[in-house]
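What follows is a short report on a single structure.
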Amino acid sequence: MQIDPKDYDSRRLYHLLMSCVTPRPIAWVSTVSREGVRNLAPFSYFNAVTSKPPLLSIAVGRRRGKRKDTAANASSTRELVVNIVTEPLLDKMVETSAEVGPEVDEIATAGLTVIESVVVKPPRIAEAPIQLECRTREIFEISPGIVDLVIAEVVMFHVSDELPIDEELHIPAASLRPVARLGASDYAFLGEIQRRDRPAK
Ligand SMILES: Cc1cc2nc3c(=O)[nH]c(=O)nc-3n(C[C@H](O)[C@H](O)[C@H](O)COP(=O)(O)O)c2cc1C
């Protein structure tokens, strides 16, 4: 089957792309508005871009042309925290994806605990074993009126003392237990982990 994107509406293309590019990591993003209201929401159009400087990308769709709170806050305050979602946090993470107004603090409604960040104003989610304090490096309408792409620079990494981390800064995924987003409303936990070293030159 060949599928030409020109022939399909955005809803179907969303379903298709979500099913093809899978599994995806989830950024659970905390921000604070200019008025001081905290915000938390998950994003799976998310990935690492490069390591030095450590850059992340997050694509935030618009609602009827209007920026979602996360993109609005990341643009106006230039600060955000990416919290990593692990197995015990799956249900709370989904709860914070409810489409609510900017006056709602999803951290409070989900009953999560916050820890102050060291460099930026948005708080870290204590329940997440990895929290990445970030500054907005770039934000631009990659699809005009439809999607904003945020490029965020990690300015401080926080790794729970419960996680083993070696001198080379490896953290075993089997200890972290991250959640992955699949297509539709499906999620996955890690299965069997296979190791392959790259061939020597
Ligand atoms: C696992 C998961 C991943 C999501 N990924 C994205 C995404 O990549 N981009 C996006 O615009 N919305 C995504 N959403 C929907 C947002 O979380 C939702 O629109 C949320 O209400 C945005 O909140 P905000 O207005 O507080 O920023 C995702 C939802 C879930 C549950």
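The values are calculated or read from the model by the stated rules, or taken from the named source; none is laboratory data. Owing to the predicted nature of the structure, the values given are computational and were not obtained by experimental measurement. Please note: Cβ atoms are built from the backbone with ideal geometry, for glycine as well, and neighbour counts cover all protein chains shown.
A few notes on this one:
- Filter result (hydroxyl-bearing (Ser, Thr, Tyr) and more than 13 Å from Pro88 (Cα to Cα)) within the stretch 169-201: Ser185
- The residue that is surrounded by the fewest Cβ atoms within 10 Å (Cβ to Cβ), among those in the stretch 166-183 that are more than 13 Å from Pro23 (Cβ to Cβ) and touching a residue at least 12 places away in the same chain (Cβ under 8 Å), is Ala174.
- Taken together, Thr22, Thr50 contain a single residue that is touching a strand residue (DSSP E or B) at 6+ places or on another chain (Cβ under 9 Å), hydroxyl-bearing (Ser, Thr, Tyr) and away from the ligand (no atom under 11 Å from the Cβ), which is Thr22.
- Considering only residues in the stretch 73-90 that are within 12 Å of the ligand (Cβ to nearest atom) and farther than 17 Å from Ala128 by Cα, the one that is surrounded by the fewest Cβ atoms within 10 Å (Cβ to Cβ) turns out to be Ser75.
- Among residues that are surrounded by fewer than 18 Cβ atoms within 10 Å (Cβ to Cβ), within 27 Å of Glu162 (Cα to Cα) and touching a strand residue (DSSP E or B) at 6+ places or on another chain (Cβ under 7 Å), Ile115 is included.
- Some residue of the stretch 153-168 being in contact with a Phe, Trp or Tyr (Cβ under 9 Å, 6 or more places away or on another chain) and at pLDDT 95 or above: no
- Restricted to the stretch 48-86, and to residues there that are of a type in the set (S, T, N, Q) and out of contact with any Ser or Thr (no Cβ under 6 Å at 6 or more places or on another chain), the residue that is farthest from Pro144 (Cα to Cα) is Thr86.
- Selected residue (criterion: farthest from the ligand (Cβ to nearest atom)) from residues of the stretch 91-110 that are among the small types (Gly, Ala, Ser) and more than 28 Å from Ile171 (Cα to Cα): Ala108
- Wholly within the stretch 79-189, helices (runs of 4 or more DSSP H) carrying at least 1 residues that are of a type in the set (Val, Ile, Thr): 90-95, 106-109
- Of all the criteria given as (1) within 11 Å of the ligand (Cβ to nearest atom); (2) surrounded by fewer than 21 Cβ atoms within 10 Å (Cβ to Cβ), the one not satisfied by Thr70 is (2).
- Restricting the stretch 26-50 to residues that are in a loop (DSSP other than H, G, I, E, B) and of a type outside the set (A, V, I, L, M), the residue that is surrounded by the most Cβ atoms within 10 Å (Cβ to Cβ): Ser44
- Tallying residues that are in contact (Cβ under 8 Å) with a residue 12 or more places away in the chain and outside any strand (DSSP E or B) within the stretch 51-78 yields 15.
- In the condition set (1) over 20 Å from Asp186 (Cα atoms); (2) assigned to a loop (DSSP other than H, G, I, E, B); (3) within 8 Å of the ligand (Cβ to nearest atom), Gln2 is compliant with all but (3).
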